[in-house]
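**Student:** Structure in structure tokens, see below.
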């Protein structure tokens, strides 16, 4: 015996007016296969639209330290030098690191430069500075010391100031000769 259907639009899924029949195949709709419906998305599944992983350039230079871990940073203890540095007053721990020491500067080049600069005020030391600059250049060529620039500057400044000194002396000599020549002409009044 069957029960009457419930009133309204609501239907009871357990109620059926007919005896139970086989359920239709959900993969066929009007005889055509239905495409599979997407299920829940797996957040850990690989992205099918992602690009291929990065391939390194085979001709790029290789970093030998790539992928190595740095040691953890620690605070130096009081009274000790920070990690990686030699204590003050001691040579570096790793030979070959740092900059090479510059060559020793030639003392004669320093003296020549100083004398050439003093020539601005006295003019007598300028030729001495120029001559010492030439001697210093020869010493520098033979010994490989530093100071070639100072020697060249002493030569240039020394000879320029010496040239000005010679022009000043010639000007005074000409002025004295002219003064003497004109005083002789004016004193003879006959």
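Values in this text are rule-based calculations from the coordinates and carry no lab data. Values in this document were obtained by computation on a predicted structure and should not be read as measured data. Note that we place each Cβ from the backbone using ideal geometry, even for glycine, and neighbour counts take in every protein chain shown.
**Student:** Can you give the FRET efficiency to the nearest 0.05 for residue 101 and residue 49, using r as the Cβ-Cβ distance and R₀ = 41 Å? Each step should come with its number before you reach the end.
**Tutor:** Numbers: r = 62 Å, r/R0 = 1.50.
Result of the calculation: an efficiency of 0.10.
**Student:** For the stretch 112-170, just say rounded, prolate or oblate: build the C-alpha gyration tensor, square-root its eigenvalues into a ≥ b ≥ c, call rounded for a/c under 1.5, and beyond that prolate if a/b exceeds b/c, oblate if not. All intermediate terms of the calculation are to be shown ahead of the outcome.
**Tutor:** On the way: a/c = 3.21, a/b = 2.54, b/c = 1.26.
Since a/c reaches 1.5 and a/b is larger than b/c, the shape of the stretch 112-170 is classed as prolate.
**Student:** Just need the relative contact order of the stretch 107-185 here, percent rounded to a whole number, with Cα pairs under 8 Å and 6+ apart. Before the final figure, lay out each step's value.
**Tutor:** Working: 103 pairs, mean separation 25.9, N = 79.
After rounding, I find 33 percent.
**Student:** What FRET efficiency comes out for residue 156 versus residue 57 if R0 is 45 angstrom and r is the Cβ-Cβ distance? Round to the nearest 0.05.
**Tutor:** Numbers: r = 54 Å, r/R0 = 1.20.
Given R0 = 45 Å and the Cβ-Cβ separation, E is 0.25.
**Student:** Give me the number: length gained by fully extending residue 114 to residue 42, i.e. 0.36 nm times residue separation minus the C-alpha to C-alpha distance, one decimal in nm.
**Tutor:** Values: separation 72, 0.36 × 72 = 25.92 nm, distance 8.41 nm.
Here the answer is 17.5 nm.
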